[in-house]
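Student: One structure, as C-alpha cells, below. Some questions next.
The values are calculated or read from the model by the stated rules, or taken from the named source; none is laboratory data. Just so we're clear, the structure is a prediction, and the values are computed from it rather than from any experiment. So basically every Cβ, Gly included, is an ideal-geometry build from the backbone, and we count neighbours across all protein chains shown.
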Amino acid sequence: MLKILSIIVHFLLTIIAWTSWTWLSWKYIALLSLMHICMLETNDGCFLSHYQFKNKDKENTKFYEWWFKKIGIKNYNRRKVDIFMRYYLPLLFSLLGILFQDVLGIIKPFI
C-alpha cells in the first residue's frame, strides 16, 4: 500500500512540476528547481525513487526510467536522459515561465 502511495505522490509531484510554469511565478520555479537539484545531488537521487525501487546502488532506478519501461521505451542513453531531466528540464520550466509571464504577459501566475 505504501509503495502505491509513493508512486501516486511521485506522479502528482511530477505533474505539478511540469505544469508549474502555467500557474507558479517563474521566480519560485527557479528557486524550487535549484532546491530540487541540490536535493538530487546531496542524496544521490530522489528519496521517493529510493523508497519506491529500494536500490541504493550507483545505478539506481529513476521514476522516469520506470515509466519508460511501462510504456515500452527501451533504447535511450541513460546518462543523457538523466542530465536532461535533472538540469535542462527545470531550466526549461523557468524559461517558459519567464517567456509567458514576463516577456509576453500571456499568463498571470496564481502564486
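Student: Please determine whether any residue of region 80-90 is under 22 Å from GLN101 (Cα atoms), surrounded by 14 or more Cβ atoms within 10 Å (Cβ to Cβ) and out of contact with any Lys or Arg (no Cβ under 6 Å at 6 or more places or on another chain).
Tutor: Yes, there is a match, as at least one residue in region 80-90 is under 22 Å from GLN101 (Cα atoms), surrounded by 14 or more Cβ atoms within 10 Å (Cβ to Cβ) and out of contact with any Lys or Arg (no Cβ under 6 Å at 6 or more places or on another chain).
Student: Let me ask something additional. How many residues are under 15 Å from LEU96 (Cβ atoms) and surrounded by 14 or more Cβ atoms within 10 Å (Cβ to Cβ) if we restrict to region 1-21?
Tutor: 3
Student: Just for helices (runs of 4 or more DSSP H) wholly inside the chain: which have at least 2 residues that are modelled with pLDDT of 85 or more?
Tutor: 2-23, 26-42, 78-83, 89-97
Student: When both residues are 6+ apart or on different chains and their Cβ atoms are under 7 Å apart, which pairs have a first residue that lies in region 90-111 and is free of Cβ contacts under 8 Å to residues at least 24 places away in the same chain, and a second that is hydrophobic (A, V, I, L, M, F, W, C)?
Tutor: Final answer for the pair search is ILE106/PHE100.
Student: Would you mind stating whether LEU24 is of a type in the set (A, V, I, L, M), surrounded by 13 or more Cβ atoms within 10 Å (Cβ to Cβ) and touching a Pro at 6+ places or on another chain (Cβ under 9 Å)?
Tutor: yes
Student: Any idea which residue in region 35-45 is surrounded by the fewest Cβ atoms within 10 Å (Cβ to Cβ), counting only those that are among the hydrophobic types (A, V, I, L, M, F, W, C) and in contact (Cβ under 8 Å) with a residue 24 or more places away in the chain?
Tutor: The selected residue is ILE37.
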